[in-house]
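*Asks:* Got a structure for you, questions after.
The values are calculated or read from the model by the stated rules, or taken from the named source; none is laboratory data. The model shown is predicted, which means the values in this text are computed figures rather than measured ones. We place every Cβ from the backbone using ideal geometry, glycine too, and count neighbours over all the protein chains shown. All accessible areas refer to the heavy atoms of the entire protein, side chains included, with ligands and DNA or RNA removed. Shrake-Rupley method; radii C 1.70, N 1.55, O 1.52, S 1.80 Å.
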Amino acid sequence: MAGLRTMRWSQSLRSATLAGMTTPHTIAVLGLGRMGGAIATRLTAQGRDVMGWTRSGRAAGAVKTTDDPNEAVAKADFVLLALFDGPACRQVLDDVRHSLRPETMVLNTSTIAPAEASRLARQLGPSYVHAPVLGSVPAAAAGALQILAAADQDALDRARPVLETLGTVRRVDDAATAAALKLIANNSLAGAVLALRDSLRQADALGLRRAQALDILELGGLGGLVARKRPFLDGASPVGTADFTIGALVKDMTLLADASATPLRSAVGLAETSAAPEADIATAATVPAVSDAVLEPLRAYIRGHATGEPAHFRDAFLPTAHIEGIRGGAFVSWPLDEYCALFHGHSAPDEPSRTRRIDTVDVHGTIATATMTLRHGADTFTDIFLLVRVGDGWRIANKAYHRHS
């Protein structure tokens, strides 16, 4: 059956290529969320015959819609998928599979895992174009998307006029590569959002006015993001409709981490934000920093080193805590009492030249992790802490350190 479908598709493709663009194409857009709705609206505005469908029943402006995806697909020359994830793509394609004509092409703009893209490409053969897009709703509305298209040359030639209505087409070797490149591009966006968050948190800590800080940030490397997202960044309450949601970006970062089997900080950094999943990604840059309650045991720890007073360490740590690392070439695991016995209630002679900095704090419900850098004379220490919430406060459960001489 697959060979017969491929032969029939090839014959239909030759006929369609000879016909050129003199015959208008009918396009079924399955998925009318933020991006799907913008894509369908753009295609309609450019004179394409579009029929839209979405599970939610959401309308998309002047786009004709139907409650039955099979009705949308039955007469379509192209079926364009703009769905949330891989499982949604598989489910919808399974639902309409018997309505797909042999010559119908499937253009998938959804952001899915590389393995899922490969699977769909194998199942649908030369009638499938994996075409994830770079850019959000405004770019789709303006026909300014960057489209990573993976398909045979003949298939891409047929699909190109439709795709070029939406933006610039960049051919990619295969579906898995196109899907992977899209995830990498979104990872850079996630990193920019988290970098903007850090900059705004530092500006708040320094007492700078938000508008003043944003004006300067627009002049730097984050300028494009700040300029586009200014309505979400200026005030206490986000303004405007989300172009790209936190939930969608978290989904993409999770796909990337799973596909690469490599730790990905942005997946956690976004997932743990207090902003709503349906909020625009820029909102993640405006969430408050971690509470003082989480920082207090770390600050008590710093006071202990600054003063040499063991009581500060007892305030910082749980009584059951251990402090572990390599000392003199051997592993040590001190209980709290033994660690406190190293301090004698007075500062080190070179205390004025010593520095201590809290580098990271990540809170996950009732637990947190933190890292700190301590520069004590000729030695630099990297401390890693595990903290737990106890009642209304936080304490350090354990510490491990590395000494750089």
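*Asks:* Just checking, how many residues over the stretch 259-291 are assigned to a helix (DSSP H, G or I) and over 24 Å from LEU386 (Cα atoms)?
*Replies:* So the count comes out to 7.
*Asks:* Another one. Restricting attention to the stretch 243-276, and to residues there that are over 23 Å from ALA179 (Cα atoms) and out of contact with any Ser or Thr (no Cβ under 6 Å at 6 or more places or on another chain), which single residue is surrounded by the most Cβ atoms within 10 Å (Cβ to Cβ)?
*Replies:* The extreme case among them is THR273.
*Asks:* Something else: Mind checking which pairs have a first residue in the stretch 336-348 that is under 14 Å from ALA316 (Cβ atoms) and a second that is among the acidic types (Asp, Glu) and open to solvent by 60 Å² or more (accessible area, probe 1.4 Å), Cβ under 8 Å, 6 or more apart or different chains?
*Replies:* Filtered contacts from the stretch 336-348: PHE343/GLU309.
*Asks:* Within the stretch 33-62, restricting attention to residues that are within 15 Å of VAL79 (Cα to Cα) and assigned to a loop (DSSP other than H, G, I, E, B), which residue is nearest to the chain's Cα centre (by Cα)?
*Replies:* Within the stretch 33-62, the match that is nearest to the chain's Cα centre (by Cα) is THR54.
*Asks:* Just to confirm my filter: which strands (runs of 3 or more DSSP E) fall fully inside the stretch 292-405 and include at least 1 residues that are over 30 Å from SER274 (Cα atoms) and either among the acidic types (Asp, Glu) or open to solvent by 80 Å² or more (accessible area, probe 1.4 Å) (or both)?
*Replies:* Ranges flagged: 317-327, 330-335, 367-376, 379-390, 393-404.
*Asks:* Which of the residues spanning the stretch 126-173 are assigned to a strand (DSSP E or B), β-branched (Val, Ile, Thr) and under 29 Å from ARG228 (Cα atoms)?
*Replies:* Across the stretch 126-173, the qualifying residues are VAL133, ILE147, THR168, VAL169.
*Asks:* Could you tell me which numbered condition TYR128 fails, if it satisfies all but one of (1) touching a residue at least 40 places away in the same chain (Cβ under 8 Å); (2) out of contact with any strand residue (DSSP E or B) (no Cβ under 7 Å at 6 or more places or on another chain)?
*Replies:* For TYR128, the failing item is (2).
*Asks:* Report every pair of residues separated by at least 6 positions or lying on different chains whose Cβ atoms are under 6 Å apart, first residue within the stretch 186-205 and under 17 Å from GLY235 (Cα atoms), second not in a helix (DSSP H, G or I).
*Replies:* Every condition considered, the pairs that remain are LEU196/LEU222; ARG201/ALA289.
*Asks:* When the residues of the stretch 39-56 are filtered to those that are at pLDDT 95 or above and within 16 Å of PHE84 (Cα to Cα), which remaining residue is surrounded by the fewest Cβ atoms within 10 Å (Cβ to Cβ)?
*Replies:* Once the filter is applied, the top-ranked residue is TRP53.
*Asks:* Out of the residues in the stretch 57-73 that are under 21 Å from PRO87 (Cα atoms) and of a type in the set (A, V, I, L, M), which is surrounded by the most Cβ atoms within 10 Å (Cβ to Cβ)?
*Replies:* Once the filter is applied, the top-ranked residue is VAL73.
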